[in-house]
1. Taking R0 as 41 Å, what FRET efficiency do you get between residue 59 and residue 100 from their Cβ-Cβ distance, rounded to the nearest 0.05?
2. Considering Cα pairs under 8 angstrom that are at least six residues apart, work out the relative contact order of region 25-138 and quote it in whole percent.
3. From the phi angles alone, apply the Karplus equation (6.51, -1.76, 1.60; θ = phi - 60°) to region 131-139 and give each ³J(HN,Hα) in whole Hz, x where the residue is Gly or Pro.
4. Can you give the charge dipole size of region 25-138 about its Cα centre, rounded to the nearest 20 debye, using +1 on the beta carbon of Lys and Arg and -1 on the beta carbon of Asp and Glu?
5. Once each part is reduced to its C-alpha centroid, what is the distance from region 36-50 to region 78-139 in angstrom?
6. Amide H to amide H under 5 Å from residue 49: which residues, 5+ apart in sequence or cross-chain, H placed 1.01 Å off N in plane?
7. Test of understanding: ordering 93, 83, 107, 100 by Cβ neighbours within 10 Å, fewest first, what list do you get?
8. Please arrange 52, 113, 108 by counting, for each residue, the other beta carbons lying within 10 Å of its beta carbon, fewest first.
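Nothing in this text is a laboratory measurement; each read-out follows from the coordinates by a stated rule. Please read these numbers as outputs of a predicted model, since none were measured by experiment. Counting neighbours? That spans all protein chains shown, and the Cβs are built from the backbone with ideal geometry, glycine included.
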Amino acid sequence: MRKAFVFASVLVLWCACIPLSLGQTNVTIVAQRSFTGLTISLPPTTIFTPGKTGVFRVSGYVEASNVDGGVYGAALYLSWSGDFGSYQLQVGDTTAESGDAGAFPFDKTLHAKVGEPIQISTVSSVPGTYNVYVRVEKL
């Protein structure tokens, strides 16, 4: 009887922990950068250089403000090297009209090689100001 009670107690505790572990993954933030108050294009800028080949998630947010009139935009590009070559992908593009603001979140998963940088760059049109927030996670 005592063994059955102990077994039942362990089983109940184990079942209670299952929902806590579901959905959890081994994700580690390896880099996080903010670029604020930008008014010109951002040249290729290294966010993270992997010490080991692996799968990474690059996510973030681009926002633009235009107070000077006309139409203003900022496009964000992500660059990295994988097993078969180097890649560049436009991951964000935001436009703001006069007196307005625009925003674009992004979330991309990629396979990057050891020692090869993961970089971002932007192309912006004037007049206006924009911000870029980027996070790299090792999956």
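1. Values: r = 25 Å, r/R0 = 0.60.
With a Förster radius of 41 Å, E is 0.95.
2. Numbers: 330 pairs, mean separation 53.0, N = 114.
Relative contact order, region 25-138: 46 percent.
3. Once rounded to whole Hz, the list reads 10, 10, 10, 9, 9, 10, 10, 8, 9.
4. Numbers: 7 positive and 9 negative charges, 116 e Å.
Rounded to the nearest 20 debye, it is 560 debye.
5. 9
6. 118
7. Values: 93 17, 83 8, 107 11, 100 14.
Listed from fewest to most nearby Cβ atoms, that is 83, 107, 100, 93.
8. Working: 52 9, 113 18, 108 14.
The most exposed by this proxy come first: 52, 108, 113.
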